[in-house]
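Every read-out reported here was derived from the displayed coordinates using simple, explicitly stated rules and does not represent laboratory data. This one's a predicted model, so the numbers in the text were calculated from it and none came from an experiment. A quick note on method: Cβ atoms are made from the backbone with ideal geometry, for glycine too, and the neighbour counts reach across all protein chains shown.
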Amino acid sequence: MTATSLPRTETKTSLRTQLARRKPIDRLPHPDESPLPHGDLKRSLGLWQLTMISVGATLGTGIFVILGASIPLAGPAIWIAFLVAGVAALLSALSYAEMASCVPASGSSYSYVYATMGEGIAWVCGWCLVLEYAVSIAAVAVGAGQYINESLATFGLQLPDAIAQPPGFGGVVNLPAAGLVILSMLLLIRGAQESAWVNTVMVGVKIVILLIFVAIAFTAFSARNFEPLAPMGVAGISAAASRLFFSYIGFDAASTAGEEARNPQRDLPKAIILSMLIITVIYILVAIAAIGARPWTWFHSGEASLVVILQQLTGQPWVALVFSVGAVIAIASIVLTVLYGQTRILMTMSRDGMVPRVFGRISPRTNTPVAGTLIVGIVVAVAAALIPLGELADATSIGTLCAFALVNLSVIYLRRARPELRRSYRVPFYPLVPIAGFAMCVLLMLTLGGTTWLVFGIWMLIGTGLYFLYGRKHSVVGALSAVDYADAADSSLSIVKALK
């Protein structure tokens, strides 16, 4: 029985009961079930493709310019700041890995929270993810015009600002940004496997470009540039780590592919952890190479430091072209993978009755949510083309951290409530890791500015209104009677015992 076929009753459920009602884990799609011809996604993604989805959503344009903004805070110890930020992000990544192993469904943290903390908090989490994914896609795509122009400049060409910049920055409509979103949308409609392979190629190009920088920068390496190691002390390293934490956001993208992974319980935890290791190693290598090539006082906030270093070391104009093309590919990879995650989250919420059913319709020809992908793609393309996002993009950080915090709590809840549940991966040093992950997320949320909190508050008010207008009335789990719900819970427990 699928989520869309759950029995509905006329029994009125109180608001308090419905908000606390959890989705039985046996109602989630299981990897051993045969797919329905017109309702389920195709399981076609392996470990490497899942890993590249997370790397693609995380390893973006930030690393091309992030050193200029962070090195003045930490000095030569910037590589330590990257390591600290990576460990902080890994705390939540480990919790995601455990939840993905025992709740192998699409929907990422929304599905995990629904199965542990109930419908009310699941809606909050899902609404945070909608904010995180939709705004971040548009925010990243907005930079496409600038990097395309830098690439064209090598050949003496340039797009007019009117069609290459957003309003408020000298432009009328940002066509490169909209075009990039539309192309990603069309690719996703063709199929998850095709999209995953294209993303894998783009991620490979990004990694090669960064490794080229490392190789060239090491030809001018000087150990003296690391003295003193931490001129700003521990406070400087901490400040840089807090800023760098957000360059790790995106590792959870693989968890949105729970229903398209061939072996989600085995591969999703590995993909999440492996992507974190790949990203952290690349970040640290780039940081060490950059400091080795230039003293830390040389770096300035806002400068594209990597490009400048290579131009000075090689004296070749093609360097700017290579890195501009690399930045465009980085943007394309992020747009593709994050748009993928957005459509799968809305698909899962649609099956639960929390958003309109159109987002959950699966094409029997492509095995993808075509209608939902079209809607999301067009809305995001319009936003990227016409809206100067500015500080609104910072709201993605608070939405992401809120979702991370809830997943850490979900691990603790499920360990206590369902200790018999089969887990192919367990968080080490439980409960210290999820507690530390939750604390880190809350701490970083508190450091965000007032404007970000205001935007987040308005977004939550809008979400609350939508829940009462639509979600509460159409909720599949909320429509279960007390008897139905007890039967579902008993069924889940019996399945678990049988698996044991």
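Charges on Cβ only, +1 for Lys and Arg, -1 for Asp and Glu, centred on the Cα centroid of the chain; of Ala257, Ile329, Val205, which one is farthest towards the dipole's positive end?
Ala257
Order of 145-154, 429-438 by packing, highest average Cβ count within 10 Å first? Before the final figure, lay out each step's value.
Working: 145-154: 19.1, 429-438: 17.5.
Highest-to-lowest ranking by the protection proxy: 145-154, 429-438.
If I model a spin label at Phe468 and Phe429 as a point 7 Å from the Cα along the Cα→Cβ vector, what separation in nanometres do I get?
It works out to 4.4 nm between the two label points.
R0 = 30 Å: FRET efficiency of Leu461 with Arg416, Cβ-based, nearest 0.05?
Rounded to the nearest 0.05, the efficiency is 0.40.
Given the DSSP H assignment, sum -39500 (n - 2.57) over each helix run of at least 4 residues in the chain and divide by its residue total; what's the result at 222 nm in deg cm²/dmol, nearest 500? Can you show the working numbers first?
Values: 19 runs with 319 residues, N = 500.
-21500 deg cm²/dmol, from helical runs alone.
Taking the Cα centre of region 3-499 as origin, work out the dipole magnitude from +1 charges on Lys and Arg Cβ and -1 charges on Asp and Glu Cβ, in debye rounded to 20.
Numbers: 31 positive and 24 negative charges, 196 e Å.
In total the dipole reaches around 940 debye.
Determine by what factor the alpha-carbon radius of gyration of the chain differs from 2.2 N^0.38 Å, reporting the quotient.
Values: Rg = 22.8 Å, N = 500, 2.2 N^0.38 = 23.3 Å.
Normalised by 2.2 N^0.38 Å, the Cα Rg of the chain equals 0.98.
How large is the Kirkwood hydrodynamic radius of region 289-365, in angstrom, based on all distinct alpha carbon pairs? Before the final figure, lay out each step's value.
Details: mean 1/r = 0.0615 Å⁻¹.
Roughly 16.3 Å, rounded to one decimal.
Viscosity 1.567 mPa s, temperature 4 °C: what is the translational diffusion coefficient of region 75-179 from Stokes-Einstein with a Kirkwood Rh over Cα pairs, rounded to a whole number of µm²/s? Mind dumping the intermediate values first?
Values: Rh = 17.4 Å.
For these conditions, the coefficient is 75 µm²/s.
For region 3-499, build the charge dipole from Cβ charges (+1 Lys, Arg; -1 Asp, Glu) around the Cα centre, then report which of Ala57, Val172, Ala115 sits farthest towards its positive end.
The Cα lying farthest towards the positive end belongs to Ala115.
Could you work out, for region 130-204, what percent of all Cα-Cα pairs fall into each 5 Å distance bin, beginning at 0 Å and stopping at the bin that holds the largest distance?
Using 5 Å bins, I get a P(r) of 3, 15, 18, 22, 20, 12, 8, 2, 0 for region 130-204.
Can you pull the one-decimal nm distance between simple spin-label points at Ala436 and Glu194, each 7 Å off the Cα toward Cβ?
4.5
How are the Cα pair distances of region 347-475 distributed, in percent, across 10 Å bins from 0?
All Cα pairs, binned at 10 Å, distribute as 10, 24, 34, 27, 5, 0 percent.
Work through the residues other than Ser333 whose Cβ is under 15 Å from its Cβ and net out their charges, Lys, Arg +1 and Asp, Glu -1.
On the way: positive: Lys206; negative: Glu194.
Spelling it out: positives minus negatives among the neighbours equals 0.
Would you please give the FRET efficiency between Val172 and Leu15, computed as 1/(1 + (r/R0)^6) with r the Cβ-Cβ distance and R0 = 60 Å, to the nearest 0.05?
Values: r = 47 Å, r/R0 = 0.78.
Efficiency, from the Cβ-Cβ distance: 0.80.
Expressed in nm to one decimal, what extension gain is obtained for the pair Val382 and Ala153 from 0.36 nm per residue of sequence separation less their Cα-Cα distance? Working shown, then result.
Working: separation 229, 0.36 × 229 = 82.44 nm, distance 2.65 nm.
My answer for the length gained is 79.8 nm.
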